[in-house]
Amino acid sequence: MAIECLVLGAGQEVGKSCVVVTIGGKRIMFDCGMHMGHHDCQRYPDFARILSATPGATDFTSAISCVVITHFHLDHIGALPYFTEVCGYNGPVYMTYPTKALAPLMLEDYRKVMVDHRGEEEQYSYEDIQRCMKKVIPVDLKQTIQVDRDLVIRAYYAGHVLGAAMIYAKVGDAAMVYTGDYNMTPDRHLGAAQIDRLKLDLLITESTYAKTVRDSKHAREREFLKAVHKCVSGGGKVLIPAFALGRAQELCILLDDYWERMNLKIPIYFSAGLTIQANMYYKMLIGWTSQKIKDSYTVHNPFDFKHVCHFERSFINDPGPCVLFATPGMISGGFSLEVFKRWAPSEKNLVTLPGYCVAGTIGHKLMSGKPTKIDLDKDTHVDVRCQIHQLSFSPHTDSKGIMDLTEFLSPSHVILVHGEKPQMAFLKDRIESELGMPCYYPANNETVSIPTTHYLKINATEKFITSCTAAQARDGLEKANLLCGNHLSGVDGDVKADEGILLMEKSMAPKILCEDELLQLLGTERHSVQFESLLSSRVEEVQTTIVDDVVSEF
């Protein structure tokens, strides 16, 4: 039996995560995301390939056993309403409770930005989002879900954003983990990823920062605060493009605390109205946050920001310094792009990019160099004279974290997704050379076949187990050391094994038993062959007789 992995998204790129895994005849779709940098057919995964790879399937519901969403970011869930309501998938969809609560906010916010503000063709409606979410089955951490008679899934804490989960899936003896996005180090409002030590045939892991080892969190925070404070002290405006959920809360906590300590009166704004709803959910789902947040929650809710207030569009041209969180992140459109066009031409202003920006977005262009002009389309250009500050407050794990998790889980094979090709090639070489695990990084629409280990379960009779125990006791200290795990073999490399008879009957479970039990089962008496040694004189006499007999025949 093999595990077949069809990568429909995030293959040698960051965006539209979607991996369809066939394991033991069951087909699981991990994530169903969209690409923030595309506005054509490349925006969504090529779902038609699922039916092409599924002989006999007439629709997606019959082709897919279940869909599992790891978290609420659009590059992991943005195509889900399209897949369920437009493509017609009607099977089970699993995600954690926080993801189910927050996903509709992200999906509707993005839909409004694309349709209302940019005038794009509507891919799915508000009603589609509502119908899609009614299909979702929420799961808790470490809750074992029996999808059907053979398929089991389980969610583990991934850090990254509120409600993010790594997914364990098992069919028969074949087992795997799909990490989604995760963070191996805690931050101000979330803990580090946590997972049990599991026996795995396959690990599919993100590789966003495959070559990066980040500085300490405190050093990054100091650098960020220094850049922001310097800009506003000089009368400038700071634009922080961020999605309404995730990094926004992390940086709001950081700035709110710094403003309080420094007694600053400069306004901090948040442009997204849905932040009020988001912060309400963060307060409700406090159990999914970091231990520090949980410990301080009874005294003060850190999501009740003292210095952060709502931003009105009429404030854009107001004089004086300010800090503005504007959605969406990456300056991929919407209000953050509108503000960027107004503020970018001023040398006093600052644009700080706190995380990864997907290729094709304005944020990615700013991170790729220091452009003096950006073309939005053939008729629209933006002069860029403002300061550009890039700092990794990304909630993704770095190269060290990926290696640590891979070594901890010790899978038989590794597949890298959600990364850039050159960096993935570097990480693949490290995993193979340092950890000795076969590693792959397929492109979109490629399939990788992973061999699995088949374990045969054998029953043992009580008499066989008793005889083994007695034999071990007779072996004395050598065997005792072996049983305690002090040695992997006996003295002088002589590995002693207990002997039994394996009985395999049609439609019966295999069984190992003692020799006399088999004789009793067969109704047969014991027969033995006995060999005797001959004295040399006797052997010579026998040989002479044989020779004489042979000669006499001629």
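The values are calculated or read from the model by the stated rules, or taken from the named source; none is laboratory data. Values in this document were obtained by computation on a predicted structure and should not be read as measured data. Methodologically, a virtual Cβ is constructed for each residue, glycine included, from the backbone with ideal geometry; neighbour enumeration extends over all protein chains shown. To get the accessible areas, we keep the full protein, side chains included, count just its heavy atoms, and leave off ligands, DNA and RNA. Shrake-Rupley method; radii C 1.70, N 1.55, O 1.52, S 1.80 Å.
Give the distance, in whole Å, between the Cα centre of region 1-51 and the Cα centre of region 279-330.
The two parts, judged by their Cα centres, are 34 Å apart.
State the label only: which of (1) 94, 78, 44; (2) 90, 84, 37; (3) 127, 55, 50 corresponds to Cα extents along the principal axes in Å computed from the shown model?
Only one listed value fits the structure, namely (3).
Please get the size of the charge dipole for region 217-390, origin at its Cα centre, with Cβ charges of +1 on Lys and Arg and -1 on Asp and Glu, quoted in debye to the nearest 20.
360 debye
Sort out for me the Cα centre separation of region 233-258 from region 103-177, rounded to whole Å.
Region 233-258 and region 103-177 have Cα centres separated by 27 Å.
Kindly report the accessible area of the chain per residue (heavy atoms of protein chains, probe 1.4 Å, no ligands, DNA or RNA), in Å².
48 Å²
Restricting to DSSP loop positions (anything but H, G, I, E, B) with no more than 12 other Cβ atoms inside 10 Å of their own Cβ, which GluC sites (Glu not before Pro) remain in region 66-141?
Those that pass, being in a loop and sparsely packed, are Glu121, Glu122.
Considering only DSSP beta bridges whose two residues both sit in the chain, what percent are antiparallel, to the nearest 5?
Among the beta bridges of the chain, antiparallel pairing accounts for roughly 50 percent.
Starting from the residue with the highest accessible area, list Thr406, Thr380 in decreasing order, probe 1.4 Å.
If we order Thr406, Thr380 from most to least accessible, we get Thr380, Thr406.
How much of the accessible area of the chain, in percent, comes from carbon and sulfur atoms when a 1.4 Å probe is used?
Ligands and nucleic acids excluded, carbon and sulfur reach 51 percent.
So for Phe426, Phe30, Phe315, what's the accessible-area order with a 1.4 Å probe, most first?
Highest to lowest solvent-accessible surface, that is Phe426, Phe315, Phe30.
Thinking of region 177-283 as a set of Cα atoms, what percent of all their pairs are more than 24 Å apart?
Across region 177-283, Cα pairs with separations above 24 Å total 41 percent.
Just to confirm the filter: which trypsin sites (Lys or Arg not before Pro) across region 226-292 are DSSP coil and have at most 14 other Cβ within 10 angstrom of their Cβ?
Those satisfying the criteria are Lys265.
Tally Lys and Arg at +1 and Asp and Glu at -1 over the other residues with C-beta under 15 Å from the C-beta of Phe408: what net charge comes out?
Net of charged neighbours comes to -1.
Which entries of Lys26/Lys511; Lys142/Lys199; Lys226/Lys265; Lys370/Lys400; Lys217/Lys283 show an alpha-carbon separation above 19 angstrom in the structure shown?
Where the Cα-Cα span goes over 19 Å, the pairs concerned are Lys26/Lys511; Lys370/Lys400; Lys217/Lys283.
Only four residue types carry charge here, +1 at the Cβ of Lys and Arg and -1 at the Cβ of Asp and Glu. Report the dipole size of the chain about the Cα centre in Debye, rounded to the nearest 20.
Here the size comes out at about 3240 debye.
Only loop residues by DSSP count here, and only those with at most 16 other Cβ atoms within 10 Å; note down the trypsin sites (Lys or Arg not before Pro) in region 120-169 that meet that.
Qualifying residues, ordered by number: Lys135, Lys142, Arg149.
What does the helix-only formula give at 222 nm for the chain: each DSSP H stretch with n ≥ 4 adding -39500 (n - 2.57), the total divided by the residues, and the result rounded to the nearest 500 deg cm²/dmol?
Mean residue ellipticity, 222 nm, calculated: -9000 deg cm²/dmol.
Which shape class, rounded, prolate or oblate, goes with region 217-390 when its Cα gyration tensor gives a ≥ b ≥ c as root eigenvalues, a/c under 1.5 marks rounded, and past that a/b bigger than b/c marks prolate?
It comes out prolate by the Cα gyration axes.
At a Förster radius of 25 Å, what calculated FRET efficiency corresponds to the Cβ-Cβ distance of Glu121 and Ala57, to the nearest 0.05?
0.30
Arrange the residues Val152, Val86 by how much accessible surface each exposes, largest first, with a 1.4 angstrom probe.
Val86, Val152
Tell me the net charge near Ile23. Cut-off is 10 Å between Cβ atoms, Ile23 excluded, with +1 for each Lys or Arg and -1 for each Asp or Glu.
Charge balance in the 10 Å sphere: 0.
State whether region 22-149 is rounded, prolate or oblate according to the following rule on the C-alpha gyration tensor (a ≥ b ≥ c being the square roots of its eigenvalues): a/c under 1.5 gives rounded; otherwise a/b larger than b/c gives prolate, and the remaining case gives oblate.
Judged from the Cα gyration tensor, region 22-149 comes out oblate (a/c at least 1.5, b/c at or above a/b).
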